[in-house]
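What follows draws every value from the coordinates through simple rules; no lab data is involved. Because the structure is a prediction, the values reported are computed rather than measured. Please note: Cβ atoms are built from the backbone with ideal geometry, for glycine as well, and neighbour counts cover all protein chains shown.
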C-alpha cells in the first residue's frame, strides 16, 4: 500500500519503519527543515555542544520492549535528571525530597520526622482537592507550595493554579528520602550522539522516503491508500471550528565561559523571574568535555497561529472544542491521528513510541482482515 505519514517525529518515524518493514511504501513529509520533531538535537556551531534544540528530552520508561527498540537504533548512555530549583533566595533539590525539606526549613529531620512535619504543614481540611492549588496545599502546605509551585505554575500555564485541575499535581512525587532522581523508571538515558542519529537510523529503509520543508496538501492524501497524521488535530481540518489551546516556549540562548549552573536544569520558582527554567546543554552529555557552555532561558506563553505547540491546555473550553474535532475525525475515512499533536495529549517519548508501535500493528492486522483503521488507537478524551 501507499502510506502517507505527516510528520517526521517519533510517531511518523516509528509507524513508517514498521510498515516499511512489512512491505508498504511509506512517504514521510514534514514542514520543518529537519527530522525528529521536538526531539531534534544538533551540535552548537559555536561551542560544539550537543543541544536539545526544543528543550530537554530525557528518555525514561518501564516498557522494556520500547527501551530495546530505541537501543536497536542508537547507543543510549545512562542519564538521571537531577533538577535543582532557585526560589526565595536559595537553591534546592527537586522533586521535593528529604534534602529539600531540611534545606528549606533549616531542619535535620529523619524520614519519619519529616513525614510527620509535612503532615502538620499540609492543609488537612481539604479532603477533596478541586484544583491544583488545593491539591498542593493538601500535599505539602502553603510554604512549599508558594516557593516551588505557585509562581512556576503561573508562568508555565499563564493562569492561576486555582484554574488548573488537581490531577496535574498528582503526578509530582513527594519523597521522604534523599532520592533526587526526577524520574522513577527502570530505564533512563540519552543517546550518546543525540536523538537525530536515532531518527536517521529508524528512517533508513528502502521503502521509506522523507521530504522536508514540505507542507501537507489534500492532494497528497488522494495519492495515498492511508494517511497517518501526527500534526495538530485541528490543523487537519484547517482550524475550521477554531484553534485548540496550547502553550508554547521561547528560548533565549546565551553562552558562558565555564560551567554556568552545574546542572542540566534549574527551575525558577519566583514569580518575578520571567523565565521558568534554564537548561545548560553540556550537562545532558556528561560523557563529553567542554570548557565553555551554551544555555537556554525558557519562557512559556500562549501559542498563537504559526507557533510550535508544546503543551495542550485541556481546560473546559478546549475540551468542548476537542469533542467537536474528535467527532469530525471519527467521521473521516482514510486517516489515523497519532502522537502528541494528533491526539491533543501530553505524551512522554516512551508512550509515543509504544502507541506508534501498537498503531502500526493494529493497522497491519486490520489490513489482513480487511478492517478499516480507526481514527484513533487511543481516544483523546
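Structure data summary
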{"read-out": "Cα-projected label distance for residue 63 with residue 252, points at 7 Å along beta-carbon direction, nm", "value": "3.7 nm"}
{"read-out": "Gain upon complete extension [residue 181, residue 32; 0.36 nm per residue less C-alpha separation]", "value": "50.3 nm"}
{"read-out": "Most to least packed among 303-312, 89-98 [average Cβ atoms within 10 Å]", "value": "89-98, 303-312"}
{"read-out": "Among 357, 315, 341: highest mean-square fluctuation, GNM of the chain, C-alpha pairs under 10 Å", "value": "315"}
{"read-out": "Answer label for semi-axes √(5λ) of the Cα gyration tensor in Å (calculated), chosen among (1) 38, 25, 19; (2) 57, 27, 19; (3) 59, 52, 21", "value": "(1)"}
{"read-out": "Extension reserve of the residue 142-residue 193 stretch, reckoned as 0.36 nm per residue once the Cα distance is removed", "value": "14.1 nm"}
{"read-out": "Alpha-carbon centroid distance for the pair region 33-59 / region 183-215, whole angstrom", "value": "12 Å"}
{"read-out": "Burial order of peptide ranges 181-187, 39-45, 219-225 (average beta-carbon count within 10 Å, highest first)", "value": "39-45, 181-187, 219-225"}
{"read-out": "Hydrodynamic radius of region 94-170 per Kirkwood, over alpha carbon pairs, in Å", "value": "12.9 Å"}
{"read-out": "Peptides 364-376, 196-208 ordered by average Cβ neighbours within 10 Å, highest first", "value": "196-208, 364-376"}
{"read-out": "Theoretical FRET efficiency, 1/(1+(r/R0)^6), r = Cβ-Cβ of residue 362 and residue 259, R0 56 Å, to 0.05", "value": "0.75"}
{"read-out": "Projected label distance in nm at residue 299 and residue 75, using a 7 Å step from Cα toward the beta-carbon", "value": "4.0 nm"}
{"read-out": "Segment residue 372-residue 105, extension gain: residue separation times 0.36 nm, minus the distance between their alpha carbons", "value": "90.2 nm"}
{"read-out": "Normalised contact order of the chain, rounded percent, pairs of Cα under 8 Å and 6 or more residues apart", "value": "25 percent"}
{"read-out": "C-alpha long axis of helix 111-121 to longest principal axis of the chain, angle in °", "value": "90 degrees"}
{"read-out": "Degrees between helix 316-330 axis and first principal axis of the chain (Cα, 0 to 90, nearest 10)", "value": "20 degrees"}
